[in-house]
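One structure is given here, and the rest of the page talks about it.
Read the figures in this text as sums done on the coordinates, not as results from a lab. No experiment lies behind these values; they were computed from the predicted model shown.
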Amino acid sequence: MMQITPIRSLLSMQSKPVLKRHVRLQYDKVRGAWALLSPERVFWPNEVSLDILRLCDGQHSVAQMIALLGDLYGADEAEITPDVTGFLQEWSDKFLVTL
């Protein structure tokens, strides 16, 4: 039996991340928090993660996302770049975000 290994997408500053078709953000009124729903899994992103995920609309490049987040949090882009790119690559590797 042949085993198929998925190809890993690699993030670039020009990538325009978007949530996969089967993934959506939804507000849970009972918990008073946002959840990221995917088949058989629920994630409870923190505030920063939620801000990154909201920008995963296929319109913003990673570079634009970093600039917007830097402005939003008053943070230096060079300092937040590794965190933002690491987060997006991890979520791509989990097949929740398309790059």
Exercise. By a straight-distance test (C-alpha under 25 Å), which lysines pair with Lys94 as possible cross-link partners, with residues fewer than eight away in the same chain excluded?
Worked result: Lys16, Lys20
Problem set entry | Taking the convex hull of Cα positions in the stretch 1-47, its mean projected area over all directions (nm²) | 5.6 nm²
Exercise. The list (i) 1.01; (ii) 1.07; (iii) 1.16 gives values of Rg/Rh (Cα atoms, Kirkwood Rh), and only one came from this structure; which label was calculated from it?
Worked result: (i)
Exercise. Using the Kyte-Doolittle scale, which helices in the chain average at least -1.0 and also have C-alpha atoms spread 15 Å or more along the helix axis, with helices defined as whole DSSP H runs?
Worked result: 62-73, 77-93
For this session: Divide by every residue of the chain the summed helix terms, -39500 (n - 2.57) for each DSSP H run of at least 4, and state the resulting mean residue ellipticity at 222 nm, rounded to the nearest 500 deg cm²/dmol.
Result: -11500 deg cm²/dmol
